[in-house]
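All remarks here apply to the structure that follows.
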Amino acid sequence: MHPRVITACLAAAFAVPAIAQGVRIPQAQAIAPAAPAAPAARSQAAGPQAADYIVAVVNSEPITRNELTNRTERLRRQLAADGASLPSADVLEREVLERLVLERVQLQFAREAGVTVDDLAVAQAEDGVARQNSVSKEAMYRQLAADGISPAQFRRELRNQLVLQRLREREVTAGVKVTEFDIDQYLREQQQQRGGAAAPLELNLGHVLVSVPEDASAAVLAEREARARRVAERARAGEDFSALAREFSDAPEAAQGGRMGLRPADRYPELFLQSVATLPVGGVAGPVRSGAGFHILKVLEKTQAGSAATVVQSHARHILLRTGPQLSEAAAAAQLADYRKRIVSGLASFESLAREHSQDGSAQQGGDLGWSTPGRYVPEFEAALEGLRPGEVSQPVVSRFGVHLIELIERREAKLTPREQREVAREAVRQKKMEEAYATWVREQRARAYVEYRDAVQ
């Protein structure tokens with residue numbers, strides 16, 4: 001299975017940090033670039049189900065046969081859609097059961113620790129899922145319903161992911177420290193890698209999506225395909241790809257000229273990688289078909305990880321309201337929504353409101369955060385920033401720090417300075433340490449839990 005493609009129902013077992021950035025709705029063909037996936041299969045099989053019974057108990061909380069069967073079927077369908085080889089039925093079921101146990105253990109710990117998620121954060125995650133899939137929320141829920149997943153079930157799974165994300169941040173992330181020695185060692189390893197075996201490939205792709213509506217007629221499908229072919233021909237003829245993306249693309253990154261940003265190759269959908277595998281820098285692929293529509297791809301950059309690279313930097317500012325007993329997330333969001341209305345209407349400036357109200361250290365600078373490289377901010381903030389055009393102000397954004405109002409001032413392409421390269425290395429080391437610390441923490445919680453198996457696999 002693609003490293004970035006896991007089902008939402010199983011992601012909770014591992015608390016994927018980028019939850020709100022992009023969950024894929026359960027159409028195997030629907031491409032959400034560089035995004036993890038949402039529930040991948042029908043939660044209720046067609047026709048009557050066998051009588052339910054308990055297959056395992058986790059600290060007195062049961063896991064039922066129907067739950068195990070449904071989760072196993074989701075994973076089986078997701079693996080099949082990804083073209084991965086399937087293990088035997090009993091092996092797959094045992095793996096899913098263990099993931100369900102881990103999920104239960106963590107959710108129980110979260111409840112005991114008082115970790116909660118407001119409805120606002122769930123709604124924000126919903127919007128992120130729809131945006132990453134280039135569909136409306138209504139269309140998203142129609143597709144989910146066709147796969148047997150109700151809105152309530154989907155929101156519950158989103159909420160569980162968010163709860164576990166916050167639990168991970170509380171129990172693990174804060175304790176991870178990165179020293180200058182760690183960074184030096186990482187950079188030495190990267191240097192050795194470049195001198196010996198090839199370092200991991202990184203790609204920056206330009207992307208144009210000509211979307212195809214749900215249940216499109218043959219005539220509409222033909223028209224959209226013809227449009228995509230014309231765009232691809234113009235791109236191959238040398239026209240400015242950024243201009244073509246801004247004019248024709250329905251993808252979220254259209255405002256950035258279709259640039260998806262330099263990232264490890266394995267963070268792209270497999271369909272994209274296969275399409276550009278043999279292309280040089282400047283090469284154009286497509287149109288290629290997915291459930292979302294027709295994709296045209298251009299190789300903008302191709303480099304090895306660790307080498308000097310050009311990145312798209314963002315210059316932004318924000319207003320932060322910290323939440324707590326005196327200020328709920330909903331109240332903070334309402335306050336920031338009022339600020340946004342005043343800013344957009346010209347009644348107040350972002351800088352003056354930030355100086356007066358922001359509870360971040362950047363308040364004195366009018367909320368100015370300076371230039372940043374991708375990955376600097378927490379996932380929710382990063383996702384909102386990526387969706388903005390220069391001069392736009394976001395809706396209120398919930399993160400572990402509170403609720404933000406974000407304005408994108410401008411973007412630029414820049415070569416990483418040695419200092420910035422060290423910051424990129426710091427983040428890479430931090431992510432690795434977080435994964436290791438989290439795996440250890442989960443094992444510890446699992447060892448403390450009482451788990452009783454009741455002939456789960458028949």
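Filter region 341-368 for residues that are within 26 Å of the chain's Cα centre (by Cα) and crowded, with 21+ Cβ neighbours inside 10 Å and give the result.
Residues of region 341-368 that are within 26 Å of the chain's Cα centre (by Cα), as a first pass: 360, 367-368.
If the condition is that a residue be within 26 Å of the chain's Cα centre (by Cα) and crowded, with 21+ Cβ neighbours inside 10 Å, then Gly367 is the only one that fits.
Residues in region 329-364 that are part of a helix (DSSP H, G or I) and among the small types (Gly, Ala, Ser): Ala330, Ala331, Ala332, Ala333, Ala334, Ala337, Ser352, Ala354, Gly361, Ser362, Ala363.
Give the residue that is farthest from Glu157 (Cα to Cα), with candidates limited to residues of region 82-100 that are of a type in the set (A, V, I, L, M, F, W, C) and under 24 Å from the mean Cα position of the chain (by Cα).
Residues of region 82-100 that are of a type in the set (A, V, I, L, M, F, W, C), as a first pass: 84, 86, 89, 91-92, 96-97, 100.
Pick out the ones that are also under 24 Å from the mean Cα position of the chain (by Cα) and you get 84, 96, 100.
Working: Ala84: 24, Val96: 16, Leu100: 13 Å.
My answer is Ala84.
For the residues Glu410, Glu427, the requirement of being acidic (Asp, Glu) and more than 21 Å from the chain's Cα centre (by Cα) singles out Glu410.
Looking at Leu273, is it surrounded by fewer than 19 Cβ atoms within 10 Å (Cβ to Cβ), within 23 Å of the chain's Cα centre (by Cα) and not in a strand (DSSP E or B)?
Details: surrounded by fewer than 19 Cβ atoms within 10 Å (Cβ to Cβ): yes; within 23 Å of the chain's Cα centre (by Cα): yes; not in a strand (DSSP E or B): yes.
Spelling it out, Leu273 is indeed surrounded by fewer than 19 Cβ atoms within 10 Å (Cβ to Cβ), within 23 Å of the chain's Cα centre (by Cα) and not in a strand (DSSP E or B).
Within region 243-255, residues that are assigned to a helix (DSSP H, G or I) reach partners that are surrounded by fewer than 19 Cβ atoms within 10 Å (Cβ to Cβ) and among the acidic types (Asp, Glu) with beta carbons closer than 9 Å, at six or more positions or on different chains, in the pairs Ala254/Glu247; Ala255/Glu392. The condition of being surrounded by fewer than 19 Cβ atoms within 10 Å (Cβ to Cβ) and modelled with pLDDT under 85 holds for Gly175.
Just the residues that are within 13 Å of Leu369 (Cα to Cα), surrounded by 18 or more Cβ atoms within 10 Å (Cβ to Cβ) and of a type in the set (A, V, I, L, M, F, W, C), please, taken from region 402-417. Once the filter is applied, which keeps residues that are within 13 Å of Leu369 (Cα to Cα), surrounded by 18 or more Cβ atoms within 10 Å (Cβ to Cβ) and of a type in the set (A, V, I, L, M, F, W, C), region 402-417 yields Leu405, Ile406, Leu408.
Condition check: surrounded by fewer than 17 Cβ atoms within 10 Å (Cβ to Cβ) and either under 24 Å from His295 (Cβ atoms) or touching a residue at least 12 places away in the same chain (Cβ under 8 Å) (or both). Does Asp147 satisfy that? Walk me through it before giving the result.
On the way: surrounded by fewer than 17 Cβ atoms within 10 Å (Cβ to Cβ): no; either under 24 Å from His295 (Cβ atoms) or touching a residue at least 12 places away in the same chain (Cβ under 8 Å) (or both): yes.
Taking the combined requirement at face value, the residue does not satisfy it.
Can you say whether Val115 is surrounded by 19 or more Cβ atoms within 10 Å (Cβ to Cβ), touching a strand residue (DSSP E or B) at 6+ places or on another chain (Cβ under 8 Å) and closer than 30 Å to Glu452 by Cβ, as far as the supplied structure shows? Walk me through how you get there before you give the answer.
Values: surrounded by 19 or more Cβ atoms within 10 Å (Cβ to Cβ): yes; touching a strand residue (DSSP E or B) at 6+ places or on another chain (Cβ under 8 Å): no; closer than 30 Å to Glu452 by Cβ: yes.
Taking the combined requirement at face value, the residue does not satisfy it.
Yes or no: region 83-96 includes at least one residue that is in contact (Cβ under 8 Å) with a residue 40 or more places away in the chain and among the acidic types (Asp, Glu). Within region 83-96 (the criterion being in contact (Cβ under 8 Å) with a residue 40 or more places away in the chain and among the acidic types (Asp, Glu)), the answer is yes, since at least one residue qualifies.
Name the single residue, out of those in region 48-80 being under 25 Å from the mean Cα position of the chain (by Cα) and of a type in the set (S, T, N, Q), that is modelled with the lowest pLDDT. Let's see the steps before the verdict.
Applying the first criterion (under 25 Å from the mean Cα position of the chain (by Cα)) to region 48-80 yields 70-80.
Those still in the list that are of a type in the set (S, T, N, Q) too: 70, 72, 78.
Values: Asn70: 85, Thr72: 89, Gln78: 77.
Out of the qualifying residues, it is Gln78.
Let's see how each residue does on (1) within 25 Å of Glu407 (Cβ to Cβ); (2) touching a helix residue (DSSP H, G or I) at 6+ places or on another chain (Cβ under 7 Å); (3) in a loop (DSSP other than H, G, I, E, B); (4) not hydrophobic (A, V, I, L, M, F, W, C):
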site	(1), (2), (3), (4)
Asp215	no, no, yes, yes
Gly261	yes, no, yes, yes
Asp266	no, no, no, yes
Gly282	no, no, yes, yes
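Residue-level check: of (1) crowded, with 19+ Cβ neighbours inside 10 Å; (2) in contact (Cβ under 8 Å) with a residue 60 or more places away in the chain; (3) closer than 29 Å to Ser249 by Cβ, Leu336 misses just (3).
In region 302-314, is there at least one residue being in contact with a Pro (Cβ under 8 Å, 6 or more places away or on another chain), within 30 Å of Ser136 (Cβ to Cβ) and not in a strand (DSSP E or B)? No, because not a single residue in region 302-314 is in contact with a Pro (Cβ under 8 Å, 6 or more places away or on another chain), within 30 Å of Ser136 (Cβ to Cβ) and not in a strand (DSSP E or B).
Kindly check whether there is at least one residue in region 374-381 that is in a helix (DSSP H, G or I), touching an Asp or Glu at 6+ places or on another chain (Cβ under 8 Å), of a type in the set (Gly, Ala, Ser) and in the same structural domain as Ala316 (by TED's automatic domain parsing). Within region 374-381 (the criterion being in a helix (DSSP H, G or I), touching an Asp or Glu at 6+ places or on another chain (Cβ under 8 Å), of a type in the set (Gly, Ala, Ser) and in the same structural domain as Ala316 (by TED's automatic domain parsing)), the answer is no, since none of the residues qualifies.
Test each condition in (1) loosely packed, with under 15 Cβ neighbours inside 10 Å; (2) touching a His at 6+ places or on another chain (Cβ under 7 Å) for Ala219 and report the one that comes out false. Unmet for Ala219, out of (1) loosely packed, with under 15 Cβ neighbours inside 10 Å; (2) touching a His at 6+ places or on another chain (Cβ under 7 Å): (2). Look at (1) under 29 Å from Gln108 (Cβ atoms); (2) touching a residue at least 40 places away in the same chain (Cβ under 8 Å) and you find that Met140 fails only one, number (1). Note on region 178-207: among residues that are among the polar types (S, T, N, Q) and assigned to a helix (DSSP H, G or I), the one that is modelled with the lowest pLDDT is Gln193.
Listed here are the residues, each with its yes/no results for (1) touching a helix residue (DSSP H, G or I) at 6+ places or on another chain (Cβ under 8 Å); (2) modelled with pLDDT of 85 or more; (3) of a type in the set (Gly, Ala, Ser).
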| position | (1), (2), (3) |
| --- | --- |
| Asp82 | yes, no, no |
| Leu92 | yes, yes, no |
| Val96 | yes, yes, no |
| Ala110 | yes, yes, yes |
| Gln124 | yes, no, no |
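Within region 376-389, the presence of at least one residue that is more than 21 Å from Ala125 (Cβ to Cβ) and surrounded by fewer than 16 Cβ atoms within 10 Å (Cβ to Cβ) is confirmed.
The values are calculated or read from the model by the stated rules, or taken from the named source; none is laboratory data. Since the structure is predicted, the reported quantities are computational estimates derived from the model, not experimental observations. For neighbour counting, all protein chains shown are included, and Cβ atoms are generated from backbone atoms with ideal geometry for every residue, glycine included.
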